Amino acid sequence: MTLPPHTTQHWMVRKPAGRGEGGMVVSQSRDAAEAGAEILRGGGSAADAAVGAAFALATVEPWNSGLGGIGFTQVMEPGGPAETFDFGPVAPRSLDPSAYPLTGRMKNDLFSWPEVVGDVNIHGPKSALIPSSVAGYAELHKRHGRMPIKDVMAPAVALAKRGLSQDWFATLKIANSAAVLRLYAESARIYLPNGLPPVPPYQGASGFFPQGRLADTMERLQTAGLRDFYEGDVARSVAADMKEMGGFVTAEDLAACQARVLPAMEAIFRGRRLMLANGLTAAPTLKRLLALMEDAPYGAVPDAAWYAYLARSLRAAYAERLAGLGDADAPTEAEPVGADSCTTHLTVADSSGMMVSMTTTLLSSMGSRMVLPGTGVLMNNGVMWFDPQPGSANAIAPGKRPLCNMCPVIALDAKGNPEIATGASGGRKIMASVFQLLTYVTDFAMEPEAAAHHPRLDVSGPEGVMADRRLGDAVIAALAADSAVEVVEHTVAPGNFACPNLILQKDGMRVGVSDTMSPWSAAIAQ
């Protein structure tokens, strides 16, 4: 017999939009979105809510972001300029490229790099870049916050004291990293009790479990201020643990860590102004895609001809990206083929119309997989962004910045005020998903909830296309006429598509949508 293709899902998943006349918070974790919404209810700004939600994510979504991570944020108030907060990855000043000797084999992981002995560029102390997330949150709060940081952090501290939900999704995410988590004592103690991932009970509520000293660290930052992470007791503990474990991040690196605030990059698409993230992000490639898509066959609905045109344009844009983009402070870099990541995105709007679009990451799922025992901080593994081959354009080097995939966007209305904020997680898949969700809403006039449920394709390089089977035979045939097509499902795992979210504010109403297949995601109205 001819066997039909295996399908993982035999259901139709629906996720409601959030709606309200007040503020809105959308996150891949409902707990974090609720934390942000509570801050809005207390009189906080969108910036306050974004900072509070981001700190909450350190507890409730530790595989994607946290105090040991990095990120980019777009911010705009009505009548004000659009700004990019760049707290992206930077290598430690004492990083030693010779500490990453090659085996002579290629690595088929998130990046197709030459393999390093012991994978020390992928996990453990030598894989960590300077953790700049807290600096980014601090600068965002300083410039656009209204509430004291003690109040902004209160929901996150409460969640940290409660702990991480011990449900099936947490089990899945921890199990995916268990083989490496077990190599680091504090990580294994927290996430692998009895040597195995924690599992939910057979029935009843799932319960929660603590994450080492993370709650103590959060409470310290709440009272001492966020710079304590870089210049106070928390900084001393982080530096001491990194030194003892053999990492390159030092007290001097932490003390010098600051977020950069840059004017947003502007693009015009089909008559609408878009404010893109400045810096080493996916924004230049998105800007090129926008130029290519100006002549796309837009009709009433996205059809086979439109998707085929989109796939060709994405391949062309990525071919240009991989050929020449790089660090303005270093030699030209080429982003690796096969890039993917475990990242998170949150979007916030407040009742005054301020919008925030924030993407943060640890790079791999659970980053370095190394929890620092003194603080409970799970460190990033950003060294993995660099090519370990000496002499390459993107080679490992001290003080260097690698190219990232993050793509937070704010779209303006006819009066020049922020109307839509969007972004996504998902590594190289981010840019395609952000464009599709945005154009579904703005150019095909879909309601945000309909757009969030509409199938998408993914092109993450100069060849091939990955197509959601729900696109249908006509679309898939049109795609196949130009390139190899892999027909897949939009599932929780494997993650075939990025996880975008979006807020639209119009006529006094705000509508927020999150990724339909992210189990914990939600849009919460103030």
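The values are calculated or read from the model by the stated rules, or taken from the named source; none is laboratory data. The model shown is predicted, which means the values in this text are computed figures rather than measured ones. Glycine also receives a Cβ, built like all others from the backbone with ideal geometry; neighbour counts cover every protein chain displayed.
Data overview
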{"item": "Within the range 247-264, considering residues that are part of a loop (DSSP other than H, G, I, E, B) and over 26 Å from Pro148 (Cβ atoms), the one nearest to the chain's Cα centre (by Cα)", "result": "Ala264"}
{"item": "Meets criteria (among the polar types (S, T, N, Q) and buried (at least 20 other Cβ atoms within 10 Å of the Cβ)) for Thr217", "result": "yes"}
{"item": "Subset of the range 406-419 (residues that are over 16 Å from Asn501 (Cβ atoms) and in a loop (DSSP other than H, G, I, E, B))", "result": "Asp413, Ala414, Lys415, Gly416, Asn417"}
{"item": "Tally, over the range 468-514, of residues that are in a loop (DSSP other than H, G, I, E, B) and either aliphatic (A, V, I, L, M) or out of contact with any Gly (no Cβ under 9 Å at 6 or more places or on another chain) (or both)", "result": "14"}
{"item": "Condition met for Ser433 (outside any loop (DSSP other than H, G, I, E, B), polar (S, T, N, Q), closer than 21 Å to Pro263 by Cβ and out of contact with any helix residue (DSSP H, G or I) (no Cβ under 7 Å at 6 or more places or on another chain))", "result": "no"}
{"item": "Among (1) assigned to a helix (DSSP H, G or I); (2) of a type in the set (Gly, Ala, Ser); (3) within 24 Å of the chain's Cα centre (by Cα) - the single one Ala267 does not satisfy", "result": "(1)"}
{"item": "Filter pass, Ala128 being over 12 Å from Pro388 (Cβ atoms) and of a type in the set (A, V, I, L, M)", "result": "yes"}
{"item": "Number of the condition not met by Glu320 [criteria: (1) at pLDDT below 95; (2) under 23 Å from Ser425 (Cβ atoms); (3) in a helix (DSSP H, G or I); (4) not small (Gly, Ala, Ser)]", "result": "(2)"}
{"item": "Selected residue (only one of Ser364, Ser368 is part of a loop (DSSP other than H, G, I, E, B), among the small types (Gly, Ala, Ser), in contact with a Cys (Cβ under 9 Å, 6 or more places away or on another chain) and surrounded by 24 or more Cβ atoms within 10 Å (Cβ to Cβ))", "result": "Ser364"}
{"item": "Residue tally, condition modelled with pLDDT under 95 and surrounded by 24 or more Cβ atoms within 10 Å (Cβ to Cβ), over the range 112-121", "result": "1"}
{"item": "Qualifying strands (runs of 3 or more DSSP E) (wholly inside the range 1-106; at least 2 residues being buried (at least 24 other Cβ atoms within 10 Å of the Cβ) and of a type in the set (Phe, Trp, Tyr))", "result": "83-87"}
{"item": "Condition check for Arg182: free of Cβ contacts under 8 Å to residues at least 24 places away in the same chain, surrounded by 15 or more Cβ atoms within 10 Å (Cβ to Cβ) and within 20 Å of Pro131 (Cβ to Cβ)", "result": "no"}
{"item": "Listing of helices (runs of 4 or more DSSP H) fully contained in the range 163-230 that carry 2 or more residues being more than 18 Å from Val377 (Cα to Cα)", "result": "168-181"}
{"item": "Leading residue by the ranking (farthest from Ser112 (Cα to Cα)) among those in the range 452-476 that are in contact with a strand residue (DSSP E or B) (Cβ under 7 Å, 6 or more places away or on another chain) and of a type in the set (Lys, Arg)", "result": "Arg469"}
{"item": "Scan of the range 468-526 for residues that are crowded, with 17+ Cβ neighbours inside 10 Å and among the basic types (Lys, Arg), ordered by number", "result": "Arg510"}
{"item": "Test for Ala451: is it touching a residue at least 12 places away in the same chain (Cβ under 8 Å) and assigned to a loop (DSSP other than H, G, I, E, B)", "result": "no"}
{"item": "Among (1) under 25 Å from Thr223 (Cα atoms); (2) touching a Phe, Trp or Tyr at 6+ places or on another chain (Cβ under 6 Å); (3) not basic (Lys, Arg), the one test that Ala138 misses", "result": "(2)"}
{"item": "Checking Val383 against (1) crowded, with 24+ Cβ neighbours inside 10 Å; (2) in contact with a strand residue (DSSP E or B) (Cβ under 7 Å, 6 or more places away or on another chain); (3) of a type outside the set (D, E, K, R), the condition it does not meet", "result": "(2)"}
{"item": "Residue, surrounded by the most Cβ atoms within 10 Å (Cβ to Cβ), within the range 231-246, restricted to residues that are part of a helix (DSSP H, G or I) and touching a residue at least 60 places away in the same chain (Cβ under 8 Å)", "result": "Val238"}
{"item": "Test result for Ala135, outside any loop (DSSP other than H, G, I, E, B), more than 28 Å from Pro402 (Cα to Cα) and not aromatic (Phe, Trp, Tyr)", "result": "no"}
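Condition check ((1) in contact with a strand residue (DSSP E or B) (Cβ under 9 Å, 6 or more places away or on another chain); (2) crowded, with 21+ Cβ neighbours inside 10 Å; (3) under 20 Å from Gly44 (Cα atoms); (4) free of Cβ contacts under 8 Å to residues at least 12 places away in the same chain) across all residues:
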{"position": "Tyr137", "(1), (2), (3), (4)": "yes, yes, yes, no"}
{"position": "Lys142", "(1), (2), (3), (4)": "no, no, yes, yes"}
{"position": "Val152", "(1), (2), (3), (4)": "no, yes, yes, no"}
{"position": "Phe169", "(1), (2), (3), (4)": "no, no, no, no"}
